[in-house]
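Each remark here refers to the structure printed beneath this line.
The values are calculated or read from the model by the stated rules, or taken from the named source; none is laboratory data. Note that the structure is predicted; figures quoted are calculated from it, not measured. Note that we place each Cβ from the backbone using ideal geometry, even for glycine, and neighbour counts take in every protein chain shown.
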Amino acid sequence: MPQKLLKTTHYIELGSYQYWPVLIPRGIRLYTYEQVPMFLKENPYITDGYRAHLPSKLCLRSIFILSNETVNIWSHLLGFVLFFSLGVNDMSTVLPAAGASREDYVIYAIGLFCFQVCMLCSVGYHLFCCHRSEKTCRRWLALDYAGISIGILGCYVPGVFYAFYCNSLWRQVYLVTVLALILAVFSAQVHPLYLSQEWRLLRSALFCSVAAFGVLPACHWVWLNGGFRTEIVQVRRQVPTWTTEDYGAPIAW
């Protein structure tokens, strides 16, 4: 039997889902929740549209088909393009026009770079999670979690740096603390049970804890600036009033 026919037969025998509107390119099939391997059964409420049993080449080609990962792939891919565009625009136009210092360039670069890494890691996982090798899928999942940690770091660095710009002591304390928390998450990812179903709640708790830590420096910043009633803390919308001298008739915006 020809090799091409053998491959086609192989995919058919694995079981294909016939009611999904787009099945291209050839060699890629979509499956129901019951048909996919156990390591792909993360959410029983997603009942169909699964890609599975694919080599790396077909994983890449599956980016152009409609599956239950299409939104995940393209939303993060477009997110990467957005942050990359913002980075180019900020570094070439916004920061020079504002007379930014070298520190500003570094902080902006760190934040935008972390967001781009987070987006790319997520794209890689959602694209290759259907790989026929469970080991490869687990590696991409670990990379996705690492990308989330890096993305959280990218949120903290600019916020802490500029919030405590006039208080270098607390700025260093919070930056070091955040870095230690991220390194602790990375260390936990080395554990062999980290990606298992048993640690699913623990994984969520770790990321939620790192994100929730941001409440502490935020409250501290409010306290240092005199509380919620001070102007620097309150966000006030200035309402300009135009008189007849401006437009000939009173107009308020």
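Which ones in the stretch 36-62 are touching a helix residue (DSSP H, G or I) at 6+ places or on another chain (Cβ under 6 Å), under 11 Å from Phe128 (Cα atoms) and assigned to a helix (DSSP H, G or I)?
Cys59
Could you go through the stretch 63-81 and let me know if any residue there is part of a helix (DSSP H, G or I) and within 26 Å of Leu193 (Cβ to Cβ). Spell out how you get there, then give the answer.
Here is the first cut: in the stretch 63-81, the residues part of a helix (DSSP H, G or I) are 63-64, 70-81.
Imposing the further condition that a residue be within 26 Å of Leu193 (Cβ to Cβ) reduces the set to 72.
Yes, that holds for at least one residue.
Is the stretch 95-106 home to any residue that is in contact with a strand residue (DSSP E or B) (Cβ under 7 Å, 6 or more places away or on another chain), surrounded by 14 or more Cβ atoms within 10 Å (Cβ to Cβ) and among the small types (Gly, Ala, Ser)? Walk me through how you get there before you give the answer.
Initially, the stretch 95-106 is screened for residues in contact with a strand residue (DSSP E or B) (Cβ under 7 Å, 6 or more places away or on another chain), giving none.
Within the stretch 95-106, not a single residue is in contact with a strand residue (DSSP E or B) (Cβ under 7 Å, 6 or more places away or on another chain), surrounded by 14 or more Cβ atoms within 10 Å (Cβ to Cβ) and among the small types (Gly, Ala, Ser).
Against the definition (of a type in the set (Ser, Thr, Tyr) and outside any helix (DSSP H, G or I)), how does Tyr33 come out, yes or no? Show your work before the answer.
Working: of a type in the set (Ser, Thr, Tyr): yes; outside any helix (DSSP H, G or I): yes.
Taking the combined requirement at face value, the residue satisfies it.
Determine whether Asn89 is in the same structural domain as Leu193 (by TED's automatic domain parsing) and exposed (fewer than 14 other Cβ atoms within 10 Å of the Cβ).
yes
Could you identify the single residue in Val222, Val173 that is at pLDDT 85 or above and outside the structural domain of Ala109 (by TED's automatic domain parsing)?
That would be Val222, the only listed residue that is at pLDDT 85 or above and outside the structural domain of Ala109 (by TED's automatic domain parsing).
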